[in-house]
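As structure tokens, the structure follows; a few thoughts come after it.
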Amino acid sequence: MITEAAAAEFLAKGYQGTSIDDIAATAGVAKRTVYNIYGDKEQVFRAMITAAIATAESYSERLGTSGLTDRRTRSEAPLEERLVDIARDLAQAIHGGPVIRLRRLVIGEAERFPDVAIEYYRRAPQLVMTRLAQALAELDAAGHLAVPDPELAAEHLAFLAIGASLDRAMFDSDLQLDAALTRAEAGARAFYRAYRR
């Protein structure tokens with residue numbers, strides 16, 4: 001409850017603009033309660049980022065069993081359509097929630113909290129890339145795609161699907177989700193044409 005309130009405050013006002021009073025009021029608890037649990041604003045910030053990372057890790061685990069390669073859950077849809085589904089899901093996860101604002105916050109506070117920025121990158125964006133690379137390596141081994149370098153292929157898929165829209169959204173909060181999803185689909189189809197056997 002307090003970390004959710006902290007997220008709302010930090011994402012709206014930034015680290016400097018947020019106070020323990022703000023967090024306590026949003027959480028509906030006494031200021032002393034926040035101090036008793038977390039100690040200070042820095043620890044609340046760290047806890048909020050840790051909670052966000054846990055959400056990203058959960059998404060990454062789901063990506064690993066999304067139906068792209070897992071025989072138990074794989075749909076009968078053609079591989080190109082499954083890649084489109086993954087790309088659209090990735091775009092939805094990034095553009096349909098607080099991810100953009102969270103990235104802006106982490107980047108903005110990277111000098112104050114370099115360890116937090118590194119940990120966020122390692123356990124959120126990098127983990128997604130690792131899961132994509134693993135899935136693409138499995139598709140290569142099964143003879144469905146020609147993927148000599150799974151890590152590079154994962155970068156290609158991610159950047160074709162969401163790279164441009166993510167870059168734009170970091171600066172322009174008016175990017176529409178529908179446009180991001182359309183770009184994700186086009187990117188996945190381009191990836192499939194480049195890597196199909």
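At a glance:
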| quantity | calculated |
| --- | --- |
| Scan of region 15-28 for residues that are surrounded by 14 or more Cβ atoms within 10 Å (Cβ to Cβ) and over 14 Å from residue 2 (Cβ atoms), ordered by number | 15 |
| Residue in region 117-125 that is aromatic (Phe, Trp, Tyr), in contact (Cβ under 8 Å) with a residue 24 or more places away in the chain, crowded, with 16+ Cβ neighbours inside 10 Å and more than 14 Å from residue 56 (Cα to Cα) present | no |
| In region 47-70, residue modelled with the highest pLDDT [restricted to those that are among the polar types (S, T, N, Q) and part of a loop (DSSP other than H, G, I, E, B)] | 69 |
| Residue 88 of a type in the set (Lys, Arg), under 17 Å from residue 183 (Cα atoms) and surrounded by 16 or more Cβ atoms within 10 Å (Cβ to Cβ) | yes |
| Within region 86-197, helices (runs of 4 or more DSSP H) holding 3 or more residues that are charged (D, E, K, R) | 99-108, 114-123, 125-141, 177-195 |
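The values are calculated or read from the model by the stated rules, or taken from the named source; none is laboratory data. Please read all numbers here as calculations on a predicted model, not as lab measurements. Virtual Cβ from ideal backbone geometry, glycine too; neighbours counted across all protein chains shown.
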